[in-house]
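The values are calculated or read from the model by the stated rules, or taken from the named source; none is laboratory data. Since the structure is predicted, the reported quantities are computational estimates derived from the model, not experimental observations. Glycine gets a Cβ as well: all are built from the backbone with ideal geometry, and neighbour counts include every protein chain shown. Areas reflect the complete protein model, heavy atoms only, side chains present, ligands, DNA and RNA absent. Shrake-Rupley method; radii C 1.70, N 1.55, O 1.52, S 1.80 Å.
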Amino acid sequence: MPRARSTRTKDRIRAASLELFRERGVQQTSMRDIADRVGITKPALYYHFASREDLLRSLVRPMLDDYEAAVAADEAAGGAVDPRVLLARYFDVSMRHREVNRVVFRDAATLAELDLGGRVLDWRRRITAMLAGPGAELAELARVTLVLGGLGDCVVLLGDRPAAELRAAALAAAYTALGLPPGPPPAPEQPV
């Protein structure tokens, strides 16, 4: 039974830290602040997470794993992925992790602290290559880059809007910008 209690405590710590990071920023939130919010002692917090960076990594890891899995699955399809599906998947992963995205991109130091910048750029390059195709002209690469950045910005800046409405609006704009046929986006593979 102690394992279940430990897991629940870790989940409470993660939830409280995400809330505090969103309210104050990562750099302005101390481990003491988190312990106080959860209602545990600071040593108890350190029992579960060795540092603020360790705690932050535990929040970011599921998002990183989801992005990597989505990009790898699309690459494994060898160019057979419908661009509408690829864009929808990218948006859906971003939206599923919208609170973590907001925290990470609100505080640029967090990107550096976790060395996320390189990973994000790598995924964006890989997705751009799939959407633009081999030997794409600069104009097409720029259009795809703007669309991917715009989808990410929609999640961060408009993520408090109803998810289904935001998804439909953001993907419709992305499809239009890329000259893809209009129409409803594919259904999400997982809830957003």
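Before moving on, here are some points about what is shown:
- Val104 being hydrophobic (A, V, I, L, M, F, W, C), modelled with pLDDT under 90 and under 21 Å from Ser58 (Cα atoms): yes
- Qualifying residues in the stretch 1-52 (those that are of a type in the set (A, V, I, L, M) and not in a helix (DSSP H, G or I)) - the one least open to solvent (accessible area, probe 1.4 Å): Val26
- On inspection, Glu189 does not qualify as surrounded by fewer than 16 Cβ atoms within 10 Å (Cβ to Cβ) and part of a helix (DSSP H, G or I).
- Residue count for the stretch 143-176 satisfying the condition of being small (Gly, Ala, Ser), farther than 21 Å from Val81 by Cβ and open to solvent by 30 Å² or more (accessible area, probe 1.4 Å): 2.
- Sub-7 Å Cβ pairs linking a first residue in the stretch 81-99 that is without any contact (Cβ under 8 Å) to a residue 40 or more places away in the chain to a second residue that is open to solvent by less than 30 Å² (accessible area, probe 1.4 Å) and part of a helix (DSSP H, G or I), at least 6 apart or interchain, are Val93/Tyr67; Val93/Ala70; His97/Met63, ordered by first then second residue.
- Entry remark, the stretch 83-129: residues being of a type in the set (Asp, Glu) and surrounded by 15 or more Cβ atoms within 10 Å (Cβ to Cβ) number 4 in total.
- The numbered conditions (1) open to solvent by 70 Å² or more (accessible area, probe 1.4 Å); (2) more than 30 Å from Gly179 (Cβ to Cβ); (3) in a loop (DSSP other than H, G, I, E, B) are all true for Ala80 except (2).
- Residue in the stretch 145-155 that is more than 30 Å from Arg22 (Cα to Cα) and out of contact with any helix residue (DSSP H, G or I) (no Cβ under 8 Å at 6 or more places or on another chain) present: no
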